[in-house]
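See below for the structure under consideration.
The values are calculated or read from the model by the stated rules, or taken from the named source; none is laboratory data. Remember, predicted model here, so these are calculated numbers, not experimental data. A quick note on method: Cβ atoms are made from the backbone with ideal geometry, for glycine too, and the neighbour counts reach across all protein chains shown.
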Amino acid sequence: MVRYVEEAVKWARKEALDAITTCPINKQAINQAGYSFPGHTELLGHLSQSSQVAMMFLGSKWKIVLVTTHLPLKDVSASITASRILSILRLADEGIKKYFGISHPKMAVLGLNPHCGEEGLLGEEEKKEVLPAIVEARSLGMDVQGPFPADSFFSLSGNSAFDAVISMYHDQGLIPIKMLDFKEAVNFTLGLPFIRTSVDHGTAYNIAGKGMADPANLVKAIVTAANLSKLRRMS
């Protein structure tokens with residue numbers, strides 16, 4: 001699996017390819033093979049020598065960007081820092097401008113804790129890390145709002161005015177987008193020197209060879225890569 005990715009990156013960096021679309025990867029298998037990466041995103045960042053990468057999930061209603069990706073939940077809080085959030089905001093701002101033609105993206109930032117910490121009663125990450133990152137982003141000219149409580153933000157009837165939503169951790173952002181767009185949502189990597197898309201689901205070895213797998217999401221990821229390539233050439 002890693003060799004396929006390595007070869008694709010070589011061709012993409014030579015500009016012999018316009019984009020890469022990856023199928024699901026088995027994280028346990030690549031680690032057992034000696035590659036200590038929690039997933040495609042981190043592997044691609046390493047192979048392309050990118051200083052910062054981020055996962056953006058493109059759905060019919062939201063573009064959701066993750067501050068942390070494949071981490072145990074117990075480790076998430078320590079990884080929520082103002083500098084990391086600011087880096088993600090910059091990547092999202094630049095990516096939306098470059099690939100989606102929105103000159104001044106409007107971004108929403110979610111809190112980490114229930115009710116955004118209730119003024120510190122339920123956690124202080126919002127006061128100590130999230131809010132300072134938002135303030136700094138605004139000082140740099142970015143249109144950023146928040147933090148918003150995650151439990152009430154994802155209403156199917158509202159909150160579509162934002163060009164991107166910054167989610168603190170994996171399930172906080174992926175549960176709502178997969179509920180709404182499981183066959184349509186596409187994983188797009190920000191920060192790489194080339195376009196890379198992927199599906200929003202796993203390997204599903206339990207149904208391999210049974211004629212049950214649905215290729216719709218992979219088709220969507222390939223078409224999205226092609227469309228992003230066209231937009232990039234036109235910009």
Legend entry - Complete set of residues in region 100-130 that are over 23 Å from the mean Cα position of the chain (by Cα) and under 24 Å from residue 90 (Cα atoms): 124, 127, 128
Legend entry - Set 101, 39, 95, 111: member being under 20 Å from residue 226 (Cβ atoms) and touching a helix residue (DSSP H, G or I) at 6+ places or on another chain (Cβ under 8 Å): 101
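This table checks each residue for (1) of a type in the set (Ser, Thr, Tyr); (2) in a helix (DSSP H, G or I); (3) not assigned by TED's automatic domain parsing to the domain that holds residue 96.
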{"position": "165", "(1), (2), (3)": "no, no, no"}
{"position": "175", "(1), (2), (3)": "no, yes, no"}
{"position": "222", "(1), (2), (3)": "no, yes, yes"}
{"position": "228", "(1), (2), (3)": "no, yes, yes"}
{"position": "231", "(1), (2), (3)": "no, yes, yes"}
Inset, instruction - Inspect region 205-221 for any residue being surrounded by fewer than 18 Cβ atoms within 10 Å (Cβ to Cβ) and at pLDDT 95 or above and give the result as yes or no. - result: yes
Inset, instruction - Can you tell me which residue within region 114-149, out of those that are small (Gly, Ala, Ser) and at pLDDT 95 or above, is farthest from residue 63 (Cα to Cα)? - result: 139
Inset, instruction - Determine if region 98-116 includes at least one residue that is part of a helix (DSSP H, G or I) and without any contact (Cβ under 8 Å) to a residue 12 or more places away in the chain. - result: no
